[in-house]
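Down below is the structure, laid out as structure tokens.
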Amino acid sequence: FPVTIPSTAQDRTNQFLEELYKVTEEIIRRLKSEKERGEFGAIHVAPDSSSDIPDDPNLGVRVVVLSPELQHNKAKKDSSAIKWINDVLNHRGTSPRYYKNTLVFIAAEEDNIENLNKNVAQYLAWSSILDDKDILNLNASQTKQATTQKEQSEKYVKTILNQTYQWLILPEQPNPQEVIKINCERMLGDNSPILRASRQLVNDGQLIREYDSSNLRMEALDKYLWRDTNHIDLKQLWEYLAQYVYLPRLRNPEVLLEAVKNGLQKIDIQNHFGYAEGWEESKQKYINLVVFRNITPSISSENLIVKPEIAIKQLEEEDA
């Protein structure tokens, strides 16, 4: 194996490290090629700015994978990742961002990024040598060895990339009186960071796939959302859940609809709610009000869930 090939590989590695944008592009390409979505409604990989991340409650909970140029370090309260995430949580371009409870973030560990860049540069160097094998006049033995080096390099990069993207970062707010804080948790393991983030959030109750109707009453409705009103429409309810970080983070609107549907089938109405298809202001009555019924609700400003005591009162008056 002539010394020129390893030295060519080293020269090209150094060249790629000098032209670091090519290394960054390769890392982003790999992150974008990840097929796994876990429990996320969508994945936004290395967006250039906050305006590239939609502010739409109906997309459900999404994960933003930060560019390798934005990293986090436990020792820094204002790492480049945290600064950027704060901007995204507050803005979409020049507009304010409303649906903060639908975004979580994955970022690279600052201390690992140099090693990742070096390994990616080595991979690109071996790839380019194989691309140029005719120009370099490689014989069969040299080609085989370059192929082996490239394959080995590919394995290293995959592992190091997954290990480098180890920060799960999300907004947290225990109650409406406190300010939103940024919580950073390390994700263990070295498989897909998206799958690790999804699993960790589900296990910690930070991403809810199935929601009990009694929890909807206790954690959202009774505690915050209908203390001063007798009903709430499902469109408004979903928007509140997507907006306010102190409320539970439901995976998507279907999770809420399933909770409403299940709650209406429960016999202990006092722990759940009634359901109506509108409010008639002139008659001060709910339209098509039901309790303990199998229905198929939808996210609409016409569809209301009604406090149980109010629903029972109207139904008793109608019966009388």
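The values are calculated or read from the model by the stated rules, or taken from the named source; none is laboratory data. It should be emphasised that the depicted structure is a prediction, and the values quoted were computed from it without experimental measurement. Quick reminder, even Gly has a Cβ in these numbers, built from the backbone with ideal geometry, and neighbours come from all protein chains shown. Accessible surface is based on the protein model in full, side chains and every heavy atom, while ligands, DNA and RNA are left aside. Shrake-Rupley method; radii C 1.70, N 1.55, O 1.52, S 1.80 Å.
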Practice item. Grab the Cα-Cα distance for N183 and T229, subtract it from 0.36 nm times how many residues apart they are, and report the gain in nm with one decimal. Key: 13.3 nm
Check your understanding: Counting each DSSP H run of 4 or more residues in the chain as -39500 (n - 2.57), what helix-only mean residue ellipticity at 222 nm follows after dividing by all residues, to the nearest 500 deg cm²/dmol?
Key -> -13000 deg cm²/dmol
Exercise for review: Could you size up the charge dipole of the chain around its Cα centre, putting +1 on the beta carbon of Lys and Arg and -1 on that of Asp and Glu, and report it in debye to the nearest 20?
Suggested key: 640 debye
Point to revise | Principal axis dimensions, the chain - Cα atoms, whole angstrom, descending | key: 99, 38, 31
Revision key, fill the gap. Calc'd 3J(HN,Hα), the stretch 62-75, phi into Karplus 6.51 cos²θ - 1.76 cosθ + 1.60 (θ = phi - 60°), Hz, glycine/Pro = x, comes to 10, 10, 10, 9, 6, 4, x, 6, 10, 10, 10, 9, 4, 6
**Study point:** Dipole-positive endmost among V245, G189, S213 within the stretch 176-257 (Cβ charges, Cα centre)
**Key:** G189
Revision key, fill the gap. Partner aspartates and glutamates whose C-alpha sits under 13 Å from that of K83, ignoring same-chain residues fewer than 8 away, are E69
Point to revise | Qualifying lysines (Cα of each under 19 Å from Cα of K35; at least 8 residues distant if same chain) | key: K155, K158
Practice item. Work from the charge dipole of the chain (Cβ charges, +1 for Lys and Arg, -1 for Asp and Glu, about the Cα centre) and give the residue of N119, I180, T102 farthest towards its positive end. Key: N119
Review point. So for the pair E258, D87, with labels modelled 7 Å out along Cα→Cβ, what separation do we get in nm?
Key: 3.7 nm
**Study point:** Derived scalar couplings ³J(HN,Hα) [the stretch 312-317; Karplus, 6.51 cos²θ - 1.76 cosθ + 1.60; whole Hz; x for Gly, Pro]
**Key:** 5, 4, 5, 5, 5, 5
Revision key, fill the gap. Given a 1.4 Å probe, the accessible area of the stretch 24-95 per residue, as a whole number of Å², is 50 Å²
Exercise for review: Run down the lysines and flag those whose C-alpha is under 17 Å from the C-alpha of K235, throwing out any fewer than 8 positions away in its chain.
Suggested key: K100, K261, K307
Review point. Tell me, what ³J(HN,Hα) does each residue in the stretch 171-184 have, in order and in whole Hz, if you take phi through Karplus 6.51 cos²θ - 1.76 cosθ + 1.60 with θ = phi - 60° and put x for Gly and Pro?
Key: x, 9, 7, x, 7, x, 6, 8, 6, 6, 10, 9, 9, 10
Exercise for review: Leaving ligands, DNA and RNA out of it, report the carbon-plus-sulfur percent of the accessible area of the chain at a 1.4 Å probe.
Suggested key: 45 percent
Check your understanding: Rounded to the nearest 0.05, what FRET efficiency is calculated for N203 and E277 with R0 set to 51 Å and r the Cβ-Cβ distance?
Key -> 0.85
Exercise for review: Calculate the spin-label point distance for E210 paired with E302, positioning each point 7 Å from the Cα along the beta-carbon direction, and give it in nanometres.
Suggested key: 3.2 nm
Revision key, fill the gap. One would report the antiparallel percent of DSSP beta bridges in the chain, rounded to the nearest 5, as 65 percent
